[in-house]
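Presented below is the structure to which this report refers.
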Amino acid sequence: MRGADLINAALPDELLDDVIRRVGGAKRDLDACALVCRRWRRLERASRRSARLAASGDRADEVLRLVAERFTALAEVSVDERLTASAGAAGASGSGPASRSYHRSRMERGPYRAGMIRRRRRLPLASNLTLHISPFPLDQPVGDQGSEHSCLTDVGLGHLARGCTGLEKLSLVWCSAISSTGLVRIAEHCKKLTSLDLQACFIGDPGLTAIGVGCKLLRKLNLRFVEGTTDEGLIGLVKNCGQSLVSLAVANCQWLTDASLYAVGSHCPNLEILSVESDCVRSFGIISVAKGCRQLKTLKLQCIGAGDDALDAVGSFCPLLEILSLNNFEGFTDRSLTSIAKGCKNLTDLVLNECHLLTDRSLEFVARSCKKLARLKISGCQNMESVALEHIGRWCPGLLELSLIFCPRIQNSAFLEIGRGCSLLRTLFLVDCSRISDSALSHIAQGCKNLTELSIRRGYEVGDRALLSIAENCKSLRELTLQFCERVSDAGLSAIAENCPLQKLNLCGCHLITDSGLTAIARGCPDLVFLDISVLRIISDIALAEIADGCPKLKEIALSHCPDVTNVGLDHLVRGCLQLESCQMVYCRRITSSGVATIVSGCTRLKKLLVEEWKVSERTRRRAGPVLSFLCTGL
């Protein structure tokens, strides 16, 4: 462009770097900046702070070496072996008409122009200061050992450590070839490391110990499905950097025992977040943590071997506790929650999942003592009855979110108190609560007028009367799920459309809904971005035409098991919903390969399409391979 050189000559690097940072988050804008000239590309590389890389595919170590050399300012790196090289390559290079026209124009421009394009294509694409790269064959020499690898190894991790010494956050997910040697290199060179996430990696004790010795600023550690190590590794880490550790999560690590938790309690006085999932942990380990980590604010436990003594200690020594999640406990009784209620007055979030021995009495103590309770989730606690929720309604006026999952003993009367006392309630989830009907939701609607999200799944007793009350009282409702609520019909849905500006709607399995109900939604909810109308067997192309006309912002739609929807309806959909990114349409018997091709060609922003494989033509497969997902009909 004429005058570009004058601008480059006048602006110093510092000012130009600030300009690039202010461009915004759009990927295409940053791509344009990186392609202006070599100087702009150099500055854009220098400002890149994070990268997400694949660890699978040929020569992954070489890719990581090049990334570390070119983007030395990286502070956050995530490496995931689950990201396939083929998907990344397809996403980068494209397929179909666009890529074919590119290759044609390249051949027409002659050898010199083709060489320029080849050099440009080797450049990584810019994003919002974030890099997404999958390993691919490079026109570069092979790695240090002269061999190609099928996944990332310690050699690649060594390149990263030496090239990005300012690394602060590192995540390694399913990196099966990484061992202690790679972590030792990180510990030697990346002294500023504050966060380490290891998932499904085979790491030995020396690696964890080295991190503790070399990374004194480590604040967050996440170990999930980590094998090859023992208690000795975690003990060695916390002994050396336990003073700085603020967050620790250990899940599905069979080697974890009370010895590790005893070390955590002894060396991590500033720990605020602890998550433990282990069958080998007993009450002694949790008691040790409670006594030593008195700054604890978040505690998530799934330890079958622990009992009431463990939570007694938490209630006695952790008065700052705000978030408590108890999952799959067989030894906890009402005594445990009573101790928590007495000692943890600041509790705001409580999750009780599959705690079969808990009864209404324990929630009564929590409700009376923890007046700041804002979020409550009860799942599979079959001894909980209506009285438990009545106490919550009377004593917890600040409740914002309530989730009840498979609580068959809770009846409508419980929601009378919730409606009276919890006027600030914004989110309500009801799943498999078989004794809840229209009366319960009417109580909620009349008392909780700030409700923004309502999700009811398999509410077989919920019908139009509940929706009419919600439409009349809850004008701020934005998200509504009525999955398999078989008594809901067009009348209730029309009332919702007239009064509630919905953005997300799930009507899966509501058999009484027809084209009329969806027409009302399309005309009354122009801001709709998500719609699930699966298993609605009496809707037709008319509904899709109305949705296309009335919901231009729609991004996700699911219309599986809709036997009367045809290719004509899909044609209407792609003409009106230009923002569509995800579409699911399996078991739609009147949709053919032509309809699939219509979605692929008409939705330029499509990221995911779920359909039967036999409906995809070879041309469509070549054009949109990366976005296609097939139903596993052969299982």
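Numerical summary
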read-out	value
In the range 390-410, the residues that are within 15 Å of residue 359 (Cα to Cα) and out of contact with any strand residue (DSSP E or B) (no Cβ under 8 Å at 6 or more places or on another chain)	390, 391, 408, 409
Complete set of residues in the range 434-492 that are under 23 Å from residue 399 (Cβ atoms), among the acidic types (Asp, Glu) and under 31 Å from the mean Cα position of the chain (by Cα)	453, 479
Selection count, the range 569-620, where residues are over 18 Å from residue 541 (Cα atoms), open to solvent by 30 Å² or more (accessible area, probe 1.4 Å) and among the basic types (Lys, Arg)	4
Hey, residue 403 closer than 19 Å to residue 372 by Cα and open to solvent by 10 Å² or more (accessible area, probe 1.4 Å) or not	yes
Subset of the range 413-429 [open to solvent by less than 10 Å² (accessible area, probe 1.4 Å) and farther than 15 Å from residue 391 by Cα]	425, 428
The range 223-238 residues that are assigned to a loop (DSSP other than H, G, I, E, B), paired with ones that are among the acidic types (Asp, Glu) and open to solvent by 10 Å² or more (accessible area, probe 1.4 Å) (beta carbon under 8 Å, 6 or more apart)	229/205; 230/205
The range 482-500, residues that are open to solvent by less than 10 Å² (accessible area, probe 1.4 Å) and not in a helix (DSSP H, G or I)	482, 485, 488, 500
The range 23-41 - residue that is modelled with pLDDT of 80 or more and among the charged types (D, E, K, R) and, of those, surrounded by the fewest Cβ atoms within 10 Å (Cβ to Cβ)	38
Looking only at the range 501-532, and only at residues there that are assigned to a loop (DSSP other than H, G, I, E, B) and open to solvent by less than 10 Å² (accessible area, probe 1.4 Å), the one that is farthest from residue 467 (Cα to Cα)	528
Scan of the range 270-288 for residues that are within 29 Å of the chain's Cα centre (by Cα), closer than 16 Å to residue 258 by Cβ and either assigned to a strand (DSSP E or B) or modelled with pLDDT of 95 or more (or both), ordered by number	274, 276, 277, 286
Residue in the range 316-336 that is nearest to residue 363 (Cα to Cα), counting only those that are open to solvent by 10 Å² or more (accessible area, probe 1.4 Å), in a helix (DSSP H, G or I) and not hydrophobic (A, V, I, L, M, F, W, C)	334
Filter result (out of contact with any helix residue (DSSP H, G or I) (no Cβ under 8 Å at 6 or more places or on another chain) and either within 20 Å of residue 198 (Cα to Cα) or open to solvent by 50 Å² or more (accessible area, probe 1.4 Å) (or both)) within the range 62-83	75, 76, 78, 80, 81, 82, 83
The lone exception for residue 358 - which of (1) open to solvent by 30 Å² or more (accessible area, probe 1.4 Å); (2) under 25 Å from residue 427 (Cβ atoms); (3) modelled with pLDDT under 90 it fails	(1)
In the range 185-217, the residues that are among the β-branched types (Val, Ile, Thr), assigned to a helix (DSSP H, G or I) and open to solvent by less than 40 Å² (accessible area, probe 1.4 Å)	186, 211
Residue within the range 553-574 that is of a type outside the set (Lys, Arg), over 21 Å from residue 613 (Cβ atoms) and assigned to a strand (DSSP E or B) present	yes
Residue 558 being buried (at least 17 other Cβ atoms within 10 Å of the Cβ), touching a residue at least 12 places away in the same chain (Cβ under 8 Å), farther than 24 Å from residue 479 by Cβ and not basic (Lys, Arg)	no
Any chance residue 311 is of a type outside the set (Lys, Arg) and touching a His at 6+ places or on another chain (Cβ under 9 Å)	no
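So that you can scan it fast, the table gives a plain yes or no per residue for (1) free of Cβ contacts under 8 Å to residues at least 60 places away in the same chain; (2) within 14 Å of residue 428 (Cβ to Cβ); (3) surrounded by 18 or more Cβ atoms within 10 Å (Cβ to Cβ):
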residue: 441; (1), (2), (3): yes, yes, yes
residue: 445; (1), (2), (3): yes, yes, yes
residue: 454; (1), (2), (3): yes, yes, yes
residue: 457; (1), (2), (3): yes, yes, yes
residue: 460; (1), (2), (3): yes, no, no
residue: 463; (1), (2), (3): yes, no, yes
residue: 471; (1), (2), (3): yes, no, yes
residue: 480; (1), (2), (3): yes, yes, yes
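The values are calculated or read from the model by the stated rules, or taken from the named source; none is laboratory data. Computed from a predicted structure; not experimentally measured. Note that we place each Cβ from the backbone using ideal geometry, even for glycine, and neighbour counts take in every protein chain shown. These area figures cover heavy atoms from the full protein model, side chains too; ligands, DNA and RNA do not enter into them. Shrake-Rupley method; radii C 1.70, N 1.55, O 1.52, S 1.80 Å.
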